[in-house]
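Peer 1: Please read through the structure below; I'll follow up with questions.
Any read-out appearing in this document is the output of simple, stated calculations on the displayed coordinates, not a laboratory observation. What you see is a predicted model; the values in this text were computed from it and never measured. Cβ coordinates were reconstructed from backbone atoms using ideal geometry, including for glycine residues, and neighbour counts include every protein chain displayed.
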Amino acid sequence: MRDKDQAKKVGALAIVLAILLRLILGAVFADGDSIFSYPRLASFLISAETGRAPEQEQTQPSESTEPSQESTEPSETTEPTEPTQPQLPVERAIFTEEDAQYVSVNYGCKLRPDLTTLLTQELNWDLTGDEPTVLILHTHGTEAFMPTQDSQYEEFGGEFRTKDERYNMLSIGDELTRLLTEAGISVIHDRTLHDLNDYNDSYDNSRVAVQEYLKKYPSIQLVLDLHRDAAEYQDGTQWATSATVDGKPSAQVMLVVGTNATGLNHPNWQTNMALAEKLQVAIHRVCPGVERAINLRGSRFNHDLSPGALIAEIGSAGNTHEEAMRAVPVLAEAIVSLVHGAN
């Protein structure tokens, strides 16, 4: 009996202490219910006041955390999806007289076209469709760049030339082809090294190839011959173009336009010049500084074969392969912006 009486006294004392503790905590906390933010403390108070033993902590997830049948599947925002192709622009590109400020030309001949008129004239083509609309080739496919620790190659036919497809112009063409294809443009990439046997015959060789492609695929509207430039200082060191893409050093892109200044037939040269101006401004819109001045030349460079034929010089021999590759997405995006023509 004495033990039972003593237990009752202890229980009563615990209840009194619990009530006092709740009153004290109520004064300490701005909101008395906030003590339940401390589950163990709240459990002790309840058990002391009611005389019931504290309940065991739940081992099953609560209703708020238990995954429902729907939540076992990825949500709409996190569910992996198939990669999608970049969306082609819906509208035609627009070039105004104000855009003429971004056109620059280095004249390699005496011809002086009206740059503003050519820039703002219509570009009537459509690079979409199932049939090939773009032809990429390399008259000087063995051209290469300044070797680095990560881009060593065996030279062929002279300095900064190689048959190594990882580092010559074929690699540049491969990347441009990939980007345009992913954007939904049908591209043919002629990976022939037209300068392999005789450098002096390279334009004759590529001319035959372009004629054959145009005959087989009359849908082709853009013929882009990818090269790299070359120039050296008096001390023999190689000159490099310089731009910045995404905060990293990049090569620049120069468009070369052939004309009839040497007396050879080339009725489309001003149409090609108009395209070059639009593409130069489009490159500037994508990443200012990547565009170089257009090089207007007296030779034809096989550009008489198509009204959409140009040379694009990606960097120079003084640039690294990595720098040249950084310029390719800029060129690709500029071409994509013209996919439905202009003006």
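Peer 1: For a quick check: sort ILE94, ILE335, ILE172 by the number of other beta carbons within 10 angstrom, fewest at the front.
Peer 2: In increasing order of surrounding Cβ atoms, one gets ILE94, ILE335, ILE172.
Peer 1: Something else about it: Apply the Karplus curve 6.51 cos²θ - 1.76 cosθ + 1.60, θ = phi - 60°, to the phi angles in region 145-161 and return the couplings in whole Hz, x for Gly and Pro.
Peer 2: Working through the residues one at a time gives 10, 5, x, 10, 4, 9, 9, 7, 9, 8, 6, 9, x, x, 5, 6, 9 Hz.
Peer 1: Tabulate in residue order the Karplus-calculated ³J(HN,Hα) for region 134-142, using 6.51 cos²θ - 1.76 cosθ + 1.60 with θ = phi - 60°, rounded to whole Hz; enter x for Gly and Pro.
Peer 2: Karplus-based 3J(HN,Hα) across region 134-142 equals 10, 10, 10, 9, 9, 4, 10, x, 7 Hz.
Peer 1: Between region 270-334 and region 150-190, how far is it from one alpha carbon centroid to the other, in angstrom?
Peer 2: Spelled out, the Cα-based centre of one part sits 16 Å from the other.
Peer 1: Quick one: net charge of VAL281's neighbours, Cβ under 9 Å, K/R +1, D/E -1?
Peer 2: For residues surrounding VAL281, the net value is -1.
Peer 1: Show the residues, 5+ positions off or on another chain, whose built amide H is closer than 5 Å to the amide H of THR244.
Peer 2: Counting only residues 5 or more places away or on other chains, the set is SER250.
Peer 1: Can I ask one more? Kindly put TRP269, TRP239 in sequence by how many other C-beta atoms sit within 10 Å of each C-beta, fewest to most.
Peer 2: In increasing order of surrounding Cβ atoms, one gets TRP239, TRP269.
Peer 1: Using a ≥ b ≥ c from the Cα gyration tensor of region 97-337 (square roots of the eigenvalues), is it rounded, prolate or oblate, where a/c under 1.5 gives rounded and otherwise the larger of a/b and b/c decides, a/b for prolate?
Peer 2: rounded
Peer 1: Report, by chain and number, residues whose modeled amide H sits under 5 Å from the one on ASN295, excluding near sequence neighbours (fewer than 5 apart, same chain).
Peer 2: It is ASN106, LEU255, VAL256, VAL257, by chain and number.
Peer 1: Let me ask you something else. Roughly how many debye, to the nearest 20, is the charge dipole of region 167-294 about its Cα centre, given +1 on each Lys and Arg Cβ, -1 on each Asp and Glu Cβ, and no other charges?
Peer 2: 480 debye
Peer 1: Then there is this: Please list 3J(HN,Hα) in residue order for region 247-255, calculated via the Karplus relation 6.51 cos²θ - 1.76 cosθ + 1.60 where θ = phi - 60°; whole Hz, with x for glycine and proline.
Peer 2: x, 10, x, 9, 6, 9, 10, 10, 9
Peer 1: Exceeding 32 Å between C-alpha atoms, which entries from my cross-link table qualify? They are LYS215/LYS278; LYS216/LYS248; LYS163/LYS248; LYS110/LYS163.
Peer 2: Result: LYS216/LYS248; LYS110/LYS163 exceed 32 Å.
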